[in-house]
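Chemist: Shown below is the structure under consideration.
The values are calculated or read from the model by the stated rules, or taken from the named source; none is laboratory data. Bear in mind the structure is a predicted one, so any value in this text is a computation, not a measurement. In this analysis, Cβ positions are derived from the backbone assuming ideal geometry, glycine residues included, and neighbour counts consider all displayed protein chains.
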Amino acid sequence: MTATLLDSFRSMLTPDAVSSVASRLGESETSISRGLTSSFGSILLGLLNRAHDPGAIREIHSLVTQASADTAVQGSDGLGSILKGGNAGNATLGNRLLTMILGGNSSAVADTIGRSSGLSPSVASSLLSMVAPMVLGVLGRRIRTDGLSASGLGSLLANEAESIRSAAPSGIASLLGTGAPAATSSARRTTITPDGIRSGGMGWAWLAVAAAVILGIIWFASRAGGPAANQVAMDTTMAPAASVADSADVQAYSPSGKITLPTGATLNVPEGSLESQIVAFINDSSLAVDKTTWFNFDRLLFETGSARLAPKSSAQLQNVAAIFAAYPKVHARIGGYTDNTGDAKANQKLSEDRAKSVMDQLVSLGIDKGRLEAEGYGDQHPVADNATETGRAQNRRIALRITEK
């Protein structure tokens, strides 16, 4: 009897691999194992919801086939291989897969996976970026073994719908939109303003908004009164559609979570972090500096209503300073953004103060002030729906744009 997709995935979760992920992310093996399986089920559920659309399933089949062709050695998409560096091309394709099925819901999906597994949203987001190439690998092997066409892949997903839904956390189905068609390339494209990004419309946006409102209420209630109530997270997830302007290549994830800089310094960072994205951008000579490519800080915290950085922010700022030291030609602009709650003028000032606070901290870490500039944009250029708590959390962010490299 042919193994199910879920069985094939679970065979990759060797005790050593799970232990390595748990150790790297500072979480328990039980929570990590649960989070990896939930991530796999969530991604497959997103694909299943698009399998009825001929255009969408052809796009998915093409992506899986491309990943399969790029993986010269079978099994290089396993968790152990990904932890060791894996196939960087498949990591990028995995990122495209997440953009395709999650769109602007990546933050809410990560939050749901995190809550169901006992993990933080940022850890759950890292797991999603690890699992996406594994999904491509599992599907790729079935396509090669069974000679599946695009319609055959859709049938495979439909036949395993029950096991797929059992692996995904409760709430993911409504969040992703049952039966919702996949966003096409034109639908995923963002509208770029001179110094910000505004997410473009999608045919299933209203369904996603309705689901996000419900999820946002649950998210807020689960945190009310806790320690997090005293801080504002500045885009603590790695949402592909919101991080940079319509360019999956720019957002190449670092599969191993480790970056070696030209200075010899090594940075240990989460997969898909700001650090891995900007280093990939700097090193890729085919990617030109422009005014539309922004990268969101994903591990900055401010005190509520203040420009005072929380101590937990220091690790990422130190990493960014190390990157600037390794690439002395790099200059950057730091942008501050808020949601639309409260007074617009106060939000504008808060965004300016926060952007300047980040710049000043980087200067204190040794970056020449002449290489940096800071500007606040207030509630302009939202990347998510301000009608939901989850969307507002995404809009409260600090972003960085490379201006010279």
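Chemist: How many of the residues making up region 1-27 are in contact (Cβ under 8 Å) with a residue 60 or more places away in the chain and either surrounded by 14 or more Cβ atoms within 10 Å (Cβ to Cβ) or over 17 Å from V138 (Cα atoms) (or both)?
Modeler: 15
To keep it simple, each residue is scored yes or no on (1) under 18 Å from E271 (Cα atoms); (2) of a type in the set (A, V, I, L, M, F, W, C); (3) touching an Asp or Glu at 6+ places or on another chain (Cβ under 7 Å).
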residue: L6; (1), (2), (3): no, yes, no
residue: R10; (1), (2), (3): no, no, no
residue: T14; (1), (2), (3): no, no, no
residue: S19; (1), (2), (3): yes, no, yes
residue: A22; (1), (2), (3): yes, yes, yes
residue: L25; (1), (2), (3): yes, yes, no
residue: I32; (1), (2), (3): yes, yes, no
residue: G35; (1), (2), (3): yes, no, no
residue: L44; (1), (2), (3): no, yes, no
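Chemist: Tell me which of these S286 doesn't satisfy, since it passes every other one: (1) closer than 24 Å to K258 by Cβ; (2) in contact with a Lys or Arg (Cβ under 6 Å, 6 or more places away or on another chain).
Modeler: Among (1) closer than 24 Å to K258 by Cβ; (2) in contact with a Lys or Arg (Cβ under 6 Å, 6 or more places away or on another chain), the lone unmet condition for S286 is (2).
So that you can scan it fast, the table gives a plain yes or no per residue for (1) in contact (Cβ under 8 Å) with a residue 60 or more places away in the chain; (2) within 17 Å of Q66 (Cα to Cα); (3) not polar (S, T, N, Q):
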position	(1), (2), (3)
V109	yes, no, yes
S129	yes, no, no
V138	yes, yes, yes
T145	no, yes, no
L153	yes, yes, yes
E162	no, no, yes
R165	yes, no, yes
L175	yes, no, yes
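Chemist: Filter region 294-327 for residues that are touching a residue at least 60 places away in the same chain (Cβ under 8 Å) and farther than 18 Å from R396 by Cα and give the result.
Modeler: Result: V320, A322, I323, A325, A326, Y327.
Chemist: Same structure, new question: What are the residues in region 357-405 that are among the basic types (K, R) and within 25 Å of the chain's Cα centre (by Cα), if any?
Modeler: R392, R396, R397, R401, K405
Chemist: Please go through region 92-144 and pick out each residue that is closer than 24 Å to S11 by Cα and either in a loop (DSSP other than H, G, I, E, B) or touching a His at 6+ places or on another chain (Cβ under 7 Å) (or both).
Modeler: Those that are closer than 24 Å to S11 by Cα and either in a loop (DSSP other than H, G, I, E, B) or touching a His at 6+ places or on another chain (Cβ under 7 Å) (or both): G118, L119.
Chemist: Identify all residues within region 19-47 that are modelled with pLDDT under 90, farther than 15 Å from A124 by Cβ and hydrophobic (A, V, I, L, M, F, W, C); write none if there are none.
Modeler: none
Chemist: Out of the residues in region 35-66 that are part of a helix (DSSP H, G or I) and in contact with a Pro (Cβ under 9 Å, 6 or more places away or on another chain), state the one that is surrounded by the fewest Cβ atoms within 10 Å (Cβ to Cβ).
Modeler: G55
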